[in-house]
Amino acid sequence: MNDSPTARTLAIAWILIGSLGVLVWYAATALAVGPAVGTRVAVELSDEAGSPVEGRVQIDGDVRRTGPDGRVSIPVDQPVFGFVVAEGFIDEPVVLSPNAPEVSVSLLASTGSGGDRRVLHFGGDTMLGRRYVDGDAAEGVGSAAEARAVVSDLAPLFRAADLSTVNLETVVGDDLGDPYPGKRFLLSTPTLGLSALEALGTDVVTLGNNHAYDWMDDGLVTTLAELRSAGMAVTGAGSTPDAARAPAMVDVSGLRVATLSYTTVTGDVVNDALPATGDPVPADVDRSDAWQYEPRVVDWVDDWPAMPMLAGDAWRLFERMESELQPDEAARLWGEVAGPRAFPELQDWVARRGHGGAARYSASAVREDIRAARRAGADIVVAHLHGGLQYAPIASEFGVAATRQMAEAGADLVIGHHPHVVQGFDWHDGVPIAHSLGNLVFDQDFTATFQSVVLRVVVDDDGVVDVRAYPIELQAHRPVPVAGESREAIGSVLDARSTPGRVAVRGADGSPVLVEGSGWGGGHLADVGWGWSVRPGAAEASDSCQLLLNGSFEDDAADGERSGRAHWRFSDGVTTVDVPDAADGSRVLRFAEIESGWARPVGRAALPAVRADGQAGQRRVELRFMARGEGEVEVRFDAYRFVDTDPTRAPMSEALGSTETTVSVAYEDWTEYTVTVPTEQLASANAIMPYLRYEGGRGAVVEIDALRLIETRPEPTGCLR
């Protein structure tokens, strides 16, 4: 062995060079997998008056205490969920994220002028059937443990309340038998799915919706039994109208909270659309719909002779006669018209006409039920309304009027369901109204249905003290709290959709259209940390909508995983990575060292409802993004028209064609690119699927960031401000 000084010096030099190489490799690897663990978030606690509060932040068992100034710095390397806790204050949920380096949390005192305060949580439409059972959602749910896993990221938030309520839009049970004949969409959840509700700490279930009667009376009885056996109070459905309208009365630390639930979706709209004698038979009628054109004999009661007719004829004749009949007579007549020998496919989903179902909304029923609840000792009355237009970004004209009637009838809080997308907030006579909370646990795959909120309402002996909304997303059909860009997107949507001036109505083809409507006051959001306080008075809407989710490819979900892939699908070799100089945030989409690759959103981007005055043709849709590197990026737009507005026909998804534009990326610095969706594609499309296809080659790299699909119109749309 050569042990000379020169040899030793060379050896040391090679060791230093090798060590430097390792350090360079480590730094590159760290950049590829995410920010360093040392990233810190500054948290500041204050009370309702803005004064500092000394407390602690609890994240997964790790407790960090603030100083007397209410401040503490906490290291995080990805979004994490926890609680802010301080003596004399209500625990406040919070998500800390590297993408939000400063968070100011506003705490509510646990006691006020109205005495001790209680926390109520509300979630949107919920089910655990269909794609969950088939394995296409959340990787399949075949056991109670897997059902709990679906909601595991949301459960700590949702169960942190004195009373938690969900709208359960499904029948519950095993071996349910035959479903409602002719019903277009049927939702059932196996009994093991209740484990998810139990994990959420669900206390009250509302069933006043259009799916509680999907398996008719037997399914309803089973559902009620399963829920009550699990210890959950139920309202909104029953074997009789009175049973369906009965409130769920729950004692919440000495405060009696009554929950009422109703639906405007009764099945009548389906029957109204049925063809009558003389209507042409469509050439492409589906075999499952052929019964609508088959005459059958109805054995009418009393003096009416038996006669052959179509289902549409029978319905219209029954409807005319019903207004002149007593309830028991109407029930007997319905038993003949909708009986097994006539037209069992006629739809009726509410409790009436001698059968059970959901509680049917009427202004008089709501007034009577709220008065009865007060007489029974209710201190707080929460009224739920299931109605409106599905997927419409703005509350329906009827929904605005009905929810205000509920407030006038004496409800302390009004919660809406059914559109499956988040809608805005309103205040009427001091009563907060949430028009739609979106989906809590659901298997739909439209991009617009992925955004949601958990609503927290603080009450005391005097009524509602505070209303707060917490942002969540359904990622792979699992609800998770989100921060960063995802949080901001939900807040912007809610703010804009709370702006009065537009309401949704059903257009000539059944699709939602926007019209002038000033029958509501609106609301706006104010930051209180991770969530927002919902307050009276409208924010200002804008004329543009951002239609994609997570176009900056950030890790915004507090789900314990490091990923920027949420809401996107990539081909092999395409990925997201953290870089120190991203155009937006810290993460980018990278095409590297591959001959070709592609990326697209998980779901189609829905084009929001158009106005009824012809201005729809003036809208413009553009894909904007930042890119750097070297290679060809082909931008493709696939246009679709999805129609499910005709209740007598199966939903239709029609591909309207594709357009392609090639963008040459040849710059080392971030450069902005814009590709416009052709006007002809927008003429009849209500959904767009954008694709990015990369053609480069070995040694070439292209990075993309800040990708936005922007729709602009000549007037505010209630989409994004």
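Just so it is clear, none of the values below were taken in a lab; they were calculated from the coordinates. Fair warning: this is a prediction, and the values are worked out from it, not measured in the lab. Positions of Cβ are backbone-derived with ideal geometry, glycine not excepted, and every protein chain shown enters the neighbour counts.
Here are the numbers:
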{"read-out": "Approximate shape of the stretch 359-473 as ellipsoid semi-axes (Cα gyration tensor, √5λ), whole Å, largest first", "value": "25, 16, 12"}
{"read-out": "Convex hull volume per residue in cubic angstrom - Cα atoms of the stretch 274-337", "value": "87"}
{"read-out": "Qualifying GluC sites (Glu not before Pro) in the stretch 539-609, DSSP loop, other Cβ atoms within 10 Å at most 15", "value": "E540, E561, E593, E595"}
{"read-out": "Options V677, G657, M626, ranked by Cα towards positive dipole end of the stretch 546-712, top entry (Cβ charges)", "value": "G657"}
{"read-out": "Bridge type composition, the stretch 154-294 - antiparallel percent by DSSP, nearest 5", "value": "40"}
{"read-out": "Normalised contact order of the chain, rounded percent, pairs of Cα under 8 Å and 6 or more residues apart", "value": "12"}
{"read-out": "Equivalent ellipsoid, the chain (semi-axes from 5 times Cα gyration tensor eigenvalues, Å)", "value": "48, 33, 23"}
{"read-out": "Descending principal axes extents, the stretch 177-247, alpha-carbon based, whole Å", "value": "35, 28, 16"}
{"read-out": "Debye intensity ratio in log₁₀ form over the Cα atoms of the stretch 546-712, taken at each q of 0.09 Å⁻¹", "value": "-0.33"}
{"read-out": "Relative contact order (%) - the stretch 546-712, alpha-carbon pairs under 8 angstrom, separation at least six", "value": "34"}
{"read-out": "Positive-end residue, the stretch 58-156 charge dipole about Cα centroid, Cβ charges, pick of G70, G112, A138", "value": "G112"}
{"read-out": "Viscosity 1.567 mPa s, 4 °C: Kirkwood-radius Stokes-Einstein D of the stretch 412-544 over Cα pairs, µm²/s", "value": "84"}
{"read-out": "5 angstrom amide H check on V677, placed H, neighbours 5+ away", "value": "V621, E622, L623"}
{"read-out": "For S261, distant residues with modelled amide H under 5 Å away", "value": "G236, H384"}
{"read-out": "Simple spin-label estimate for F83 and E630 in nanometres, 7 Å along Cα-Cβ", "value": "5.6"}
{"read-out": "Simple Cβ-charge dipole of the stretch 546-712, Lys/Arg +1 and Asp/Glu -1, about Cα centre, in debye nearest 20", "value": "580"}
{"read-out": "Vicinal HN-Hα couplings computed from phi for the stretch 399-408 (Karplus, 6.51 cos²θ - 1.76 cosθ + 1.60; Hz; Gly/Pro x)", "value": "x, 4, 5, 5, 5, 5, 5, 5, 5, 5"}
{"read-out": "Student exercise, the chain dipole from Lys, Arg, Asp, Glu Cβ charges, in Debye to nearest 20", "value": "520"}
{"read-out": "Cβ-based net charge around D638, under 11 Å, with every Lys or Arg adding one and every Asp or Glu removing one", "value": "+2"}
{"read-out": "Share antiparallel - DSSP beta bridges, the chain, percent rounded to 5", "value": "75"}
{"read-out": "Assigned charges on the beta-carbon of Lys, Arg, Asp, Glu; the stretch 40-109 dipole about Cα centre (debye)", "value": "200"}
{"read-out": "Principal-axis tilt of helix 216-229 within the chain, Cα atoms, nearest 10 degrees", "value": "50"}
{"read-out": "Per-residue HN-Hα couplings for the stretch 64-74 [Karplus 6.51, -1.76, 1.60; θ = phi - 60°; Hz; x = Gly/Pro]", "value": "10, 8, 8, x, x, 7, x, 10, 7, 10, 10"}
